[in-house]
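Read the structure below first, then the notes.
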Amino acid sequence: MNRHRGMIVAALAFMAMPMLYAVLTFAARPVSEQPWLEPPLANTTCVLPRERMRYDHMRYLKSLRDQVMREGRREQVTGEHAQGIGSCKGCHAHRELFCDRCHERSSVRLDCFGCHAY
Amino acid sequence: MHRRRFLKASAVLSAGAAGAYALPLLTSFKSSAETTRAPSTKLRWGMVIDLTRCPDNCTACVDACKKENNVNTSGDKLRDIHRIRKVTLESTLSAAPARKSVPLLCNHCDNPPCAVACPIKATTKREDGIVIVDPHRCMGCRYCMIACPYNARHFNFRENPEQPNPAYPKRQHGVAESCNLCAHLLDQGKRPACVDACANVNAQALTVGDLNDPNSEISTLIRNHPVKRLREDLGTEPKVFYIGL
């Protein structure tokens, strides 16, 4: 055992190198790669908490879409506190500075704005 | 002896299995027949078109529809979309020559052939009877256009470059489209664009309302006038009624 200690340590260190490299590059990635988003115009809360919206906005919009298209229920997309894709621009005025920032970075191609005005 | 017992047991088992599979089939047939016959007391949208009040050269409904729904029209007769259009009917009988200007639109059938033909259920009949295309889901196979006996369906051969009404989305290239009785307005308690325009030019030929409500304006019109529907022989049960056709 003692005979091989040096070799074992060297082998472990060699195997850990790629992981170390990944961790270091992740930690040292330039901050400018994080998309800058235009802050919302109104100082109010969104329809869902921020973290929920970050991960679930697409599912949330789809559920609203199905409510409207399939069931004809429009109570959530009309009125003063309207939600839905037509109402996002009430706070997030520019699509180029809000939706597109992340979608372009993560190579997500959207079909929304071919039809919906934003 | 052993073989005899084995055969007996397997016969009993297979008979039991067949019965277990057949039972839900038989019962489900019965229950589906019962549910389709149940009368609906819910809202059921329909339209009455009074041709005696519809002027020959008026296209207010067509223009209003195009503006409200961002309908793709550029003057190309082969590709233009008409959610509502006006045609002139001429009687070929020499005894009773007649010319009528008739608005044609989706009949919102109770048995919509387009919804049956749609392979992905993009076209559906809503609970209130409106036949609606979900452009998010439509893949542009155009089966509905073949199935519709009224030629009420159109295909977006290109995207509309204009969007006169930003509150309502346009359609992209590759989806089918038809009148949906301005469902977005009806759901908010407003009149469809064509009905509104018709009332604004004081023609009042178009009326939209609840067919299930015996006291609604549309039910009264149907009761008090001889009404016709288009191609009733097809069994599609259209919900657009014509007075004076």
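Rounded to whole Å, give me the distance from the Cα center of region A:75-118 to that of region B:167-245. Value for the Cα centre distance between the two parts: 32 Å. Helix A:5-27 and the longest principal axis of the Cα set of chain A meet at an angle near 20°. About its Cα centre, region B:136-232 has a charge dipole of approximately 360 debye under the convention of +1 per Lys or Arg Cβ and -1 per Asp or Glu Cβ, with nothing else charged. Between the helical axis of A:50-66 and the longest alpha-carbon principal axis of chain A there is an angle of about 50 degrees. Rounded to the nearest 5, the antiparallel percentage of DSSP beta bridges internal to the protein assembly as shown is 85%.
Qualifying GluC sites (Glu not before Pro) in region A:65-101, where qualification requires a DSSP coil assignment and no more than 14 other C-beta atoms within 10 Å, comprise A:E75, A:E80. Going by the alpha-carbon gyration tensor, a ≥ b ≥ c the square roots of its eigenvalues, is the protein assembly as shown rounded (a/c under 1.5) or, if a/c is not under 1.5, prolate (a/b greater than b/c) versus oblate? Taking the square roots of the gyration eigenvalues as a ≥ b ≥ c, the protein assembly as shown is oblate.
Overall, chain B carries a charge dipole of about 1220 debye about its Cα centre when +1 sits on the Cβ of Lys and Arg and -1 on the Cβ of Asp and Glu, all other atoms neutral. Using +1 at the Cβ of each Lys and Arg and -1 at the Cβ of each Asp and Glu in chain B, identify which of B:M145, B:I243, B:V195 lies farthest towards the dipole's positive end. In chain B, that residue is B:M145. Surface burial for A against B, with a 1.4 Å probe and both sides summed, reaches about 1400 Å² of accessible area. For B:K42, the lysines whose Cα comes closer than 19 Å to its Cα, not counting residues fewer than 8 places off in the same chain, are B:K125, B:K190, B:K239. For B:K121, neighbours were defined as the other residues whose beta-carbon sits under 11 Å from its Cβ, and their charges (Lys and Arg +1, Asp and Glu -1) total +2.
Which value, to two decimals, describes the C-alpha radius of gyration of region B:3-243 once divided by 2.2 N^0.38 Å?
Normalised Cα radius of gyration, region B:3-243: 1.32.
Among the complete DSSP H segments of chain B, which ones combine at least 18 Å of alpha-carbon extent along their axis with a mean Kyte-Doolittle hydropathy of -0.5 or more?
Working: long enough: B:2-37 (54 Å, 0.03).
Helix filter hits for chain B: B:2-37.
The values are calculated or read from the model by the stated rules, or taken from the named source; none is laboratory data. Just so it is clear, the structure is predicted and the values come from calculations on it, not from any experiment. Virtual Cβ from ideal backbone geometry, glycine too; neighbours counted across all protein chains shown. Keep in mind that these areas ignore ligands, DNA and RNA; they rest on the heavy atoms of the full protein, side chains included. Shrake-Rupley method; radii C 1.70, N 1.55, O 1.52, S 1.80 Å.
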